[in-house]
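Novice: Let me begin by handing over the structure; questions about it come next.
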Amino acid sequence: MSVSRRAGRLFLMLAVSWFLNSTAKPQTSAPTAKKLKIYISVDMEGVAGVVTADQLGPTGFEYERFRQFMTNETLAAVRAAKESGATEIAVSDSHGNGENLLIEEFPKDVHIIRSWPRHGSMMAGVDASFDAALFIGYHASTTNPRGVRAHTFSSAHFTRVALNGNAVTEGEFNAAFAGALGVPVIFASGDDAAVEELKSKLGSIETAETKKSLSFHSAETLTPEASCERIAAGVKSALERLHDFKPYTVRTPVTLEISFKNYTPAQMLSYLRSVQRVDSHTIRFVGKDMAEVSDFVDMVDGYSPDLAP
Ligand SMILES: [Zn+2]
């Protein structure tokens with residue numbers, strides 16, 4: 001092959017290549033990373049070692065240490081989610097005053113939802129853009145005879161919360177809230193009673209049992225470190241089979257029933273024309289969707305004429 005013919009062929013190849021490049025669609029320089037948004041709702045009663053009020057609030061002598069353990073269990077989930085490809089993470093501090101998590105310990109790209117009141121309550125900030133939700137530190141419901149500090153939303157005031165006639169746990173209620181937005185719950189940690197109850201409602205989600213409930217105020221518990229390891233492993237297993245999970249949904253409109261420990265709340269709430277008195281201690285409210293029902297529960301649980309500012 002002569003030099004001139006080679007040069008001619010080279011020119012032709014360059015011309016063809018220029019033509020193809022100039023007419024082809026612009027190429028993205030690098031493959032864009034797949035988005036994976038994870039929402040984490042964190043309660044405290046299900047954290048390893050928690051057994052009484054001594055761990056659960058600012059007046060308890062062990063609270064400061066247990067805020068750290070609660071933070072560590074959440075961080076275990078955050079790190080496991082990131083190692084499994086999570087690109088965005090929102091964490092809601094959903095226990096007590098909503099100011100428990102030590103926010104300075106989180107990676108700087110994590111968003112944290114704090115304090116009350118807030119639309120969506122324990123699921124505030126979740127929307128249809130999230131791929132999955134995780135529950136950390138969850139506990140059994142008030143209608144469960146077992147479970148450390150078992151209650152549903154208000155341990156002081158509610159004896160039953162039901163959706164469409166079925167008593168629910170906070171976890172099931174929150175799963176229905178997320179499910180209405182198309183977001184599946186894929187993992188939960190808590191004591192054996194909480195985990196068993198949630199699985200019976202939500203199906204085969206991944207779980208981490210942090211302790212065995214021996215009574216309302218006693219448990220045989222993992223150490224904080226062992227609990228974190230179990231949570232990380234469970235979150236990774238859940239994200240490995242993300243496509244297995246379906247959003248948990250309830251029929252709409254949603255019929256909510258709340259039973260109170262005391263008589264007067266049911267009587268007073270029935271003054272509202274949107275509320276029906278079902279029996280001495282129980283009221284019924286029908287909401288068009290989970291968002292409306294969630295706001296109603298928050299109002300009933302949180303309103304007091306003493307509220308200020
Ligand atoms: Zn709770």
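The values are calculated or read from the model by the stated rules, or taken from the named source; none is laboratory data. Since the structure is predicted, the reported quantities are computational estimates derived from the model, not experimental observations. Here the Cβ positions follow ideal geometry from the backbone for every residue, glycine too, while neighbour counts run over all protein chains shown. Ligands, DNA and RNA are stripped out before the accessible areas are found, and what is left, the full protein with its side chains, is counted by its heavy atoms. Shrake-Rupley method; radii C 1.70, N 1.55, O 1.52, S 1.80 Å.
Novice: Restricting attention to region 76-96, which residues are in contact (Cβ under 8 Å) with a residue 40 or more places away in the chain, out of contact with any Ser or Thr (no Cβ under 7 Å at 6 or more places or on another chain) and either hydrophobic (A, V, I, L, M, F, W, C) or farther than 20 Å from Ala238 by Cβ (or both)? Outline the logic, then answer.
Specialist: Of all residues in region 76-96, those in contact (Cβ under 8 Å) with a residue 40 or more places away in the chain come to 76-77, 79-81, 83-96.
Add one more test, that the residue is out of contact with any Ser or Thr (no Cβ under 7 Å at 6 or more places or on another chain), and what stays is 76-77, 79-81, 83-90, 93, 95-96.
Result: Ala76, Ala77, Ala80, Ala81, Ala86, Ile89, Ala90, Asp93, His95, Gly96.
Novice: Name every residue in region 146-173 that is away from the ligand (no atom under 14 Å from the Cβ), touching a helix residue (DSSP H, G or I) at 6+ places or on another chain (Cβ under 9 Å) and part of a loop (DSSP other than H, G, I, E, B), in order of residue number.
Specialist: Within region 146-173, just Arg146 meets the criteria.
The rows are residues; the columns are (1) modelled with pLDDT of 95 or more; (2) farther than 22 Å from Asp301 by Cβ; (3) more than 11 Å from the ligand (Cβ to nearest atom).
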| residue | (1), (2), (3) |
| --- | --- |
| Asn100 | yes, no, yes |
| Pro107 | yes, yes, yes |
| Met122 | yes, no, no |
| Asp127 | yes, yes, yes |
| Phe130 | yes, yes, yes |
| Gly137 | yes, no, no |
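Novice: Out of Ala193, Ala167, Ala156, which single residue is over 24 Å from His243 (Cα atoms), without any contact (Cβ under 8 Å) to a residue 60 or more places away in the chain and open to solvent by 10 Å² or more (accessible area, probe 1.4 Å)? Talk me through it step by step, then tell me what you get.
Specialist: Numbers: Ala193 fails: open to solvent by 10 Å² or more (accessible area, probe 1.4 Å); Ala156 fails: without any contact (Cβ under 8 Å) to a residue 60 or more places away in the chain.
Every option except Ala167 fails the conditions.
Novice: So, Ala156, is that one farther than 25 Å from Ala80 by Cα and out of contact with any strand residue (DSSP E or B) (no Cβ under 9 Å at 6 or more places or on another chain) or not?
Specialist: The answer is yes for Ala156.
Novice: I've got another one for you. Would you check which residues across region 72-129 are open to solvent by less than 10 Å² (accessible area, probe 1.4 Å) and among the charged types (D, E, K, R) and list them?
Specialist: Matches in region 72-129: Glu73, Asp93.
Novice: Are any residues in region 253-283 more than 14 Å from Asp301 (Cα to Cα) and of a type in the set (Asp, Glu), and if so, which ones?
Specialist: Asp279
Novice: So which residues in region 49-68 are within 16 Å of the ligand (Cβ to nearest atom), open to solvent by 10 Å² or more (accessible area, probe 1.4 Å) and hydrophobic (A, V, I, L, M, F, W, C), if there are any at all?
Specialist: Once the filter is applied, which keeps residues that are within 16 Å of the ligand (Cβ to nearest atom), open to solvent by 10 Å² or more (accessible area, probe 1.4 Å) and hydrophobic (A, V, I, L, M, F, W, C), region 49-68 yields Val51, Ala53, Leu56, Phe66.
Novice: Next up: Test of understanding: among Ser189, Ser215, Ser200, which residue is in the same structural domain as Leu134 (by TED's automatic domain parsing) and more than 28 Å from Asp131 (Cα to Cα)?
Specialist: Ser215
Novice: Separate question: Residues being within 16 Å of the ligand (Cβ to nearest atom) and part of a loop (DSSP other than H, G, I, E, B): count how many of those fall in region 69-98.
Specialist: 5
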